Each structure stands twice: as structure tokens, then as C-alpha cells.
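Right, one structure below, let's go through it.
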Amino acid sequence: MRTNIMALRQRKADLLKSAKAIHEAARKDNRDLTEGEEQNHYKLLKALESLERDIIAEEGRLAYGSEGIPMPDENSLSRRCARPTDSG
């Protein structure tokens, strides 16, 4: 399983590098992102979000083995605490 978490983390690093390269190319040329670059960047961010969920799940499996103890997602918990509820 440790190989899997390392592969996920490497994929995350690769996606971040690609996203940064898009912005760096535009900055180097002193221009805004093209529509195609914006679309590609958006896809990279969505892939990163999904990958982050996979990493959190894999870290939970590594920490607790096969017991299946659910791990809370710190980002989701923080968002819920920061956002006012509709019922209040």
C-alpha cells in the first residue's frame, strides 16, 4: 500500500507542476491565459481535487489498516465550521 500512496503523491506533484507551468508560460509572455489554457488549468484543478480525496482515503487506510475506521476530511470539516448554516 505504501507504493500506492507514493504514486498518488507523485501524481499530485506532477499535476501541480503542470498547473504552474500553464501560469508561468502566460506570465513569461506577459499575457492572460488563453481559453484553452484556462480550460486545461480547470481540468487540472478538478483532477487535483479528486486526487486529494484519494490521498486522504489512502492515508486513512494506512493509518488504521483494514479496520475501516472512517477518517474525517479536515478540509470539509473546516469548511462546515466556517460557513454559516441556512437554518440560522
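Below are the figures for this structure:
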{"quantity": "Residue in the range 56-77 that is at pLDDT 85 or above and among the acidic types (Asp, Glu) present", "calculated": "yes"}
{"quantity": "Boolean, residue 30 is farther than 15 Å from residue 5 by Cα and loosely packed, with under 13 Cβ neighbours inside 10 Å", "calculated": "yes"}
{"quantity": "Cross-chain or 6+ apart pairs with Cβ under 7 Å, the range 41-58 first and without any contact (Cβ under 8 Å) to a residue 24 or more places away in the chain, then in a helix (DSSP H, G or I)", "calculated": "41/19; 41/22"}
{"quantity": "Considering residues of the range 1-26 that are farther than 14 Å from residue 48 by Cα, surrounded by 12 or more Cβ atoms within 10 Å (Cβ to Cβ) and of a type outside the set (A, V, I, L, M, F, W, C) only, the residue modelled with the lowest pLDDT", "calculated": "4"}
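The values are calculated or read from the model by the stated rules, or taken from the named source; none is laboratory data. For clarity, every value in this text was computed on a predicted model and none was experimentally measured. Quick reminder, even Gly has a Cβ in these numbers, built from the backbone with ideal geometry, and neighbours come from all protein chains shown.
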